[in-house]
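Visitor: Dropping the structure in here first, questions after.
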Amino acid sequence: MNLVKRTTLLVVAALAMLAFSACNLLLETRGRPDRCGDSVVDHWEQCDGANLNGFTCQQVDQSVGDLSCYSDCTFNVSMCGGGENCGDGVQDAGEQCDGAELAGARCWDMGYLEGGELGCHTNCTFDVSNCVGPFSFCGNGELNDGEACDDGDLAFGCSDDCTVEAGWECDNTSAPSACTPICGDDLLAAGETCDGTRIAEGLDCESQGRYPGTLGCDAATCALDFTGCGGACGDEVIQIQLEECDGAGISGDCTNWGFASGGLECTACLLGFAGCIADVPVEPFFKVAVGGGHTCALRDDGLGGSDLYCWGQNDHGQCGVDSSGKFRPTPTLVAGIPEAVTAIAPGENHTCVLVATGQVYCWGDNQFGQLGDGSTTSSEVPVLVTLAEPAVVLAAGANHTCALVDEGGQTLVRCWGDNQHGQLGELADPFSSTPVQPAPDACSSLTAGHDHNCVVTADAPYGVLCWGRNDEGQVGTTPGPGVPIPTVVVGLTSDTFVSVVA
């Protein structure tokens, strides 16, 4: 075969082979959909099997996680996710978990009742592959098989395992379950202030704005029962020991408090006097004396006599008026004194006066017989002291009273009332409601302290005698028990004393 012919045959053969290859390539390309899954990424495929063609979650959707491939050779990004900090071991916002940090979650919280080991995917979502069933829907707000209730974890009464808690009952007619405390089971459930004999800690009559008493519980409603409390400000009932008034309940009017006219007010159960009009005496006052919590002043009545006005504490009637009001904030005229007053002697809770005829009148507290009328009955009006002789000097201690009386030209001491410290000049009785004579000596001056008395003797050497309470040496001797016998105060340098004041 010549060279030209041979060359021609080679060219034809080459062209035939080239045509066969092109045809085969065309057939292979057109049939490629049937070849997805051969782990070869062709030009129309995103991926194929485990072959992701070098792509990751970061390159596909700017996230982290595990990129995979669907059976149709497209990317599966369901396991991609997490924030930009996913993988740093810190559970951030938008992440269910991060590495070993599970935010306290457990398989049980995911609904797997037998527990197991909860994990975390690389996209910072929970991995429940190692959790153990059966699976529960407790907490979804719907009643499923095996559940006694399901309130969706919205309130008390239905526990985390969807059982009814003690002291509760749950209504499952609608979803989620509606649970309410059982009233009358003597169990104090959340939301109950009381149930039967049980009352929530810290609750009593006072904490509920009532006066002291016994707080109870209504058996039918499990509501607090205040009938055992001592009332409350605003209930329109005046609690005598605690209130001056209550709402519209006001005892008396302005005139009972020493005013000329006007209307009383009641605010927070205390009397108000803004609406009262005072009748201020125009004649001059010339004497004033102070007691334990009240004051009395004497004025000229313009008719040759005198008027006595008292004000302040009045819980025992020591101001000489109705004691239903514990206080008398304005001067109140004391009625019932038949003669002009010459001396005033207020005690702790009582008041005594000496009148021009030498008689003594007292009023107020009489627990220790300090009114001297032979009784222990307190009085809001002046009562006559049972003195046999006219008095010329008057003095009052806390709960006792003393006077100097004129007996045949001699001024002798008479005392009555409390005697717990020997202030009456003897220790036979704890008190005396009638005058007794503590000292035989004639005296020219008399004074009374809280629980002791002192006098200046009328005869030479005109010494000072004291008796009564002596825990602080007030009798003039070494501090100790009460001294019932009038005792000379030693250490005074002057030979003659004319007056003494305590």
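The values are calculated or read from the model by the stated rules, or taken from the named source; none is laboratory data. All values derive from a computational prediction rather than experimental measurement. We place every Cβ from the backbone using ideal geometry, glycine too, and count neighbours over all the protein chains shown.
Visitor: How many residues does the stretch 312-341 hold that are within 13 Å of V381 (Cα to Cα) and without any contact (Cβ under 8 Å) to a residue 60 or more places away in the chain?
Guide: Counting residues in the stretch 312-341 that are within 13 Å of V381 (Cα to Cα) and without any contact (Cβ under 8 Å) to a residue 60 or more places away in the chain gives 9.
Visitor: Next question, about the same structure. It is to be established whether one or more residues within the stretch 317-335 are surrounded by 16 or more Cβ atoms within 10 Å (Cβ to Cβ), closer than 28 Å to D253 by Cβ and at pLDDT 95 or above.
Guide: Looking for residues that are surrounded by 16 or more Cβ atoms within 10 Å (Cβ to Cβ), closer than 28 Å to D253 by Cβ and at pLDDT 95 or above, one finds none in the stretch 317-335, hence no.
Visitor: Of the conditions (1) exposed (fewer than 14 other Cβ atoms within 10 Å of the Cβ); (2) in contact with a strand residue (DSSP E or B) (Cβ under 9 Å, 6 or more places away or on another chain); (3) not assigned by TED's automatic domain parsing to the domain that holds G65, D161 satisfies every one except a single condition; which number is it?
Guide: (2)
Visitor: Do you know which residues across the stretch 278-313 are aliphatic (A, V, I, L, M), part of a strand (DSSP E or B) and modelled with pLDDT under 90? So that I can check it myself, show each step before the final result.
Guide: So in the stretch 278-313, the residues aliphatic (A, V, I, L, M) come out as 278, 280, 282, 288-290, 297-298, 303, 308.
Keeping just the survivors that are part of a strand (DSSP E or B) gives 278, 288-290, 297-298, 308.
Within the stretch 278-313, A278 is the sole residue that qualifies.
Visitor: In the stretch 211-250, what count of residues is obtained for those that are crowded, with 18+ Cβ neighbours inside 10 Å, of a type outside the set (A, V, I, L, M) and under 18 Å from E201 (Cα atoms)?
Guide: 4
Visitor: I'd like the full set of residues that are touching a Cys at 6+ places or on another chain (Cβ under 8 Å) and closer than 25 Å to S159 by Cβ, limited to the stretch 200-217.
Guide: A200
Visitor: Related question: Could you list all residues from the stretch 317-342 that are under 14 Å from F259 (Cβ atoms), over 35 Å from the mean Cα position of the chain (by Cα) and outside any loop (DSSP other than H, G, I, E, B)?
Guide: The answer is P331, T332, L333.
Visitor: Tell me, please, whether a residue that is of a type outside the set (V, I, T), under 27 Å from G152 (Cα atoms), exposed (fewer than 13 other Cβ atoms within 10 Å of the Cβ) and modelled with pLDDT of 90 or more can be found in the stretch 168-183.
Guide: So far as the stretch 168-183 goes, yes, one or more of its residues are of a type outside the set (V, I, T), under 27 Å from G152 (Cα atoms), exposed (fewer than 13 other Cβ atoms within 10 Å of the Cβ) and modelled with pLDDT of 90 or more.
Visitor: Within the stretch 129-144, can you find the residues that are over 45 Å from the mean Cα position of the chain (by Cα), part of a loop (DSSP other than H, G, I, E, B) and at pLDDT below 85? Spell out how you get there, then give the answer.
Guide: Kept after step one, since they are over 45 Å from the mean Cα position of the chain (by Cα), are these residues of the stretch 129-144: 129-136, 144.
Now drop any that are not part of a loop (DSSP other than H, G, I, E, B), which leaves 129-130, 132-134, 136, 144.
V132, G133, P134, S136, N144, listed by residue number.
Visitor: Give the residue that is surrounded by the most Cβ atoms within 10 Å (Cβ to Cβ), with candidates limited to residues of the stretch 452-484 that are over 52 Å from the mean Cα position of the chain (by Cα) and either of a type in the set (S, T, N, Q) or not in a loop (DSSP other than H, G, I, E, B) (or both).
Guide: As a first pass, look at the stretch 452-484 and keep what is over 52 Å from the mean Cα position of the chain (by Cα): 455-465.
From what is left, the residues that are either of a type in the set (S, T, N, Q) or not in a loop (DSSP other than H, G, I, E, B) (or both) are 455-457, 464-465.
Values: V455: 30, V456: 19, T457: 19, V464: 21, L465: 22.
Filtering first and then ranking leaves V455.
Visitor: Among the residues of the stretch 343-383, what is the count of those that are assigned to a loop (DSSP other than H, G, I, E, B) and touching a His at 6+ places or on another chain (Cβ under 9 Å)?
Guide: Just the residues of the stretch 343-383 that are assigned to a loop (DSSP other than H, G, I, E, B), to begin with: 347-349, 356-359, 365-378.
Restricting the remaining residues to those that are touching a His at 6+ places or on another chain (Cβ under 9 Å) gives 347-349, 365-371, 378.
Going through the stretch 343-383 one residue at a time, the tally reaches 11.
Visitor: Assess whether Q91 counts as being under 30 Å from T56 (Cβ atoms) and in contact with a Ser or Thr (Cβ under 7 Å, 6 or more places away or on another chain).
Guide: Working: under 30 Å from T56 (Cβ atoms): yes; in contact with a Ser or Thr (Cβ under 7 Å, 6 or more places away or on another chain): no.
Criteria not met by Q91.
Visitor: Tell me, which residue of the stretch 186-199 that is of a type outside the set (K, R) and surrounded by fewer than 17 Cβ atoms within 10 Å (Cβ to Cβ) is nearest to S159 (Cα to Cα)? Spell out how you get there, then give the answer.
Guide: Residues of the stretch 186-199 of a type outside the set (K, R): 186-197, 199.
In the following step, the residues that additionally are surrounded by fewer than 17 Cβ atoms within 10 Å (Cβ to Cβ) were identified as 186-187, 190-191, 193, 196-197.
Numbers: D186: 20, L187: 16, A190: 13, G191: 15, T193: 21, G196: 24, T197: 25 Å.
Looking at residues that are of a type outside the set (K, R) and surrounded by fewer than 17 Cβ atoms within 10 Å (Cβ to Cβ), I get A190.
Visitor: Sticking with this structure for a sec: So which residues in the stretch 66-97 are among the charged types (D, E, K, R) and within 14 Å of C120 (Cα to Cα)?
Guide: Going residue by residue through the stretch 66-97, those that are among the charged types (D, E, K, R) are 66, 72, 84, 88, 92, 95.
Scanning the stretch 66-97 gives D66, D88, D92, E95.
Visitor: Just checking, does the stretch 111-124 include any residue being out of contact with any strand residue (DSSP E or B) (no Cβ under 6 Å at 6 or more places or on another chain), among the acidic types (D, E), in the same structural domain as A100 (by TED's automatic domain parsing) and surrounded by fewer than 18 Cβ atoms within 10 Å (Cβ to Cβ)?
Guide: Within the stretch 111-124 (the criterion being out of contact with any strand residue (DSSP E or B) (no Cβ under 6 Å at 6 or more places or on another chain), among the acidic types (D, E), in the same structural domain as A100 (by TED's automatic domain parsing) and surrounded by fewer than 18 Cβ atoms within 10 Å (Cβ to Cβ)), the answer is yes, since at least one residue qualifies.
Visitor: Kindly check whether there is at least one residue in the stretch 403-419 that is small (G, A, S), in contact (Cβ under 8 Å) with a residue 40 or more places away in the chain, crowded, with 21+ Cβ neighbours inside 10 Å and in contact with a Phe, Trp or Tyr (Cβ under 8 Å, 6 or more places away or on another chain).
Guide: Filtering the stretch 403-419 for residues small (G, A, S) gives 403, 408-409, 417.
Next cut, in contact (Cβ under 8 Å) with a residue 40 or more places away in the chain only: 403, 417.
Now restrict to residues that are crowded, with 21+ Cβ neighbours inside 10 Å: 403, 417.
Going one step further and asking which of them are in contact with a Phe, Trp or Tyr (Cβ under 8 Å, 6 or more places away or on another chain), we end up with 417.
The answer is yes; a qualifying residue exists.
Visitor: Only one of (1) among the hydrophobic types (A, V, I, L, M, F, W, C); (2) in contact (Cβ under 8 Å) with a residue 24 or more places away in the chain; (3) touching a Phe, Trp or Tyr at 6+ places or on another chain (Cβ under 9 Å) fails for V355. Which number is that?
Guide: Checking V355 against (1) among the hydrophobic types (A, V, I, L, M, F, W, C); (2) in contact (Cβ under 8 Å) with a residue 24 or more places away in the chain; (3) touching a Phe, Trp or Tyr at 6+ places or on another chain (Cβ under 9 Å), the one that fails is (2).
Visitor: Just wondering, is there one or more residues in the stretch 343-358 that are in the same structural domain as G449 (by TED's automatic domain parsing) and touching a helix residue (DSSP H, G or I) at 6+ places or on another chain (Cβ under 8 Å)? Break it down stepwise before answering.
Guide: Narrowing the stretch 343-358 to residues in the same structural domain as G449 (by TED's automatic domain parsing): 343-358.
Filter once more, keeping what is touching a helix residue (DSSP H, G or I) at 6+ places or on another chain (Cβ under 8 Å): none.
Scanning the stretch 343-358 turns up no residue that is in the same structural domain as G449 (by TED's automatic domain parsing) and touching a helix residue (DSSP H, G or I) at 6+ places or on another chain (Cβ under 8 Å).
Visitor: What pairs come up if the first residue lies in the stretch 466-489 and is in the same structural domain as P430 (by TED's automatic domain parsing) and farther than 20 Å from C415 by Cα, the second is at pLDDT 90 or above and polar (S, T, N, Q), and their beta carbons are under 6 Å apart, counting only those six or more places apart or on different chains?
Guide: G480/N470
Visitor: Let me spell it out: the conditions are (1) at pLDDT 85 or above; (2) surrounded by fewer than 12 Cβ atoms within 10 Å (Cβ to Cβ); (3) under 30 Å from G152 (Cα atoms), and A93 meets all of them except one. Which number is the exception?
Guide: A93 satisfies all of (1) at pLDDT 85 or above; (2) surrounded by fewer than 12 Cβ atoms within 10 Å (Cβ to Cβ); (3) under 30 Å from G152 (Cα atoms) except (1).
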